[in-house]
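One structure is given below, encoded as structure tokens.
No lab work stands behind these numbers, since they all come straight from the coordinates. All of these numbers come straight from a predicted model, not from anything done at the bench. Heads up, the Cβs are rebuilt from the backbone with ideal geometry, glycines too, and the neighbour counts pull from every protein chain shown.
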Amino acid sequence: MSAKIKKTIQRTLIITGVVCLILIVTAVIVMSNDNLRFKLEYESLNRIPYENGRKISVKIPWNNQIQYIEGEEVLKVLKTGSGVVYFGYNSCPWCRNIIGLLIDVSKKNHVEVIYYVDIHHAIDGITDDLKEILSEYLRENEETKEKVLAVPDVYFLKNGKIVGHHISTVESYKNPYQGMNQGQRDELEKIYQDLIEEMKK
């Protein structure tokens, strides 16, 4: 093998190693930083269509107040914490329609943290305890009559007491694949605003 080919292979290996290292460092930073992780998790689906061909784009600010919680930590926050608790998941069309507004209203009102509970990953093993804490707020399944957690479901806490709750969007909003009109956005913003004010009393 010629010296020129050896140098080319060495350069390629060095460049590949540096690129891999950069990707690993970036992944570690993102995964250890909840607000960046949340932004990437939600925005990564902007170009992926649902089965009906529709896409729902969201824009999440870099400096959002999202903090992931899961398992026993969810129960602890609900029993003792203060702040906003958001139950949802990134591909839920209803969730994608409310999350930007929830972040904006919370930020305007200086809410320090929005606890994020990804219902597909964060509530394993605590379902019964969670249902007990949230029982009066959960929806009833029409067929089974069982209490279920429907999303987006947002709770407003003060010292472990639920002082406000809102599920879904607004009554007039029926199709999550079409964005809310300004009137619907204003209505939902007022709901969140009023509930945050209750939390701050």
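Assorted remarks:
- Here the Karplus relation 6.51 cos²θ - 1.76 cosθ + 1.60, evaluated at θ = phi - 60°, turns the backbone of the stretch 137-143 into coupling constants of 9, 6, 7, 9, 5, 4, 7 Hz, with x for every Gly and Pro.
- Under the span-like rule (Cα at least 18 Å along the axis, Kyte-Doolittle mean at least -1.0), DSSP H helices of the chain: 3-32, 93-108
- Loop-located trypsin sites (Lys or Arg not before Pro) across the stretch 94-178 with a Cβ neighbour count of 15 or fewer within 10 Å are Lys145, Lys174, with loop assigned by DSSP.
- When the C-alpha to C-alpha distance is required to be over 32 Å, the pairs from Lys39/Lys200; Lys7/Lys39; Lys107/Lys161; Lys76/Lys190; Lys39/Lys145 that qualify are Lys7/Lys39; Lys39/Lys145.
- Mean-position separation - Cα centroids, the stretch 167-201 and the stretch 35-79, in angstrom: 18
- Inter-site label distance for Lys131 and Asn109 at 7 Å from Cα along Cβ, in nm: 3.0
- If the segment from Arg47 to Glu198 were pulled out straight at 0.36 nm per residue, it would be longer than the present Cα-Cα gap by 50.6 nm.
- Structure-derived Rg and Dmax of the Cα atoms in Å: which label, when the choices are (1) 21.1, 77; (2) 17.0, 67; (3) 16.4, 52: (1)
- Only helices enter the 222 nm calculation for the chain: every DSSP H run of n ≥ 4 contributes -39,500 (n - 2.57), and dividing by all residues gives -15000 deg cm²/dmol, rounded to 500.
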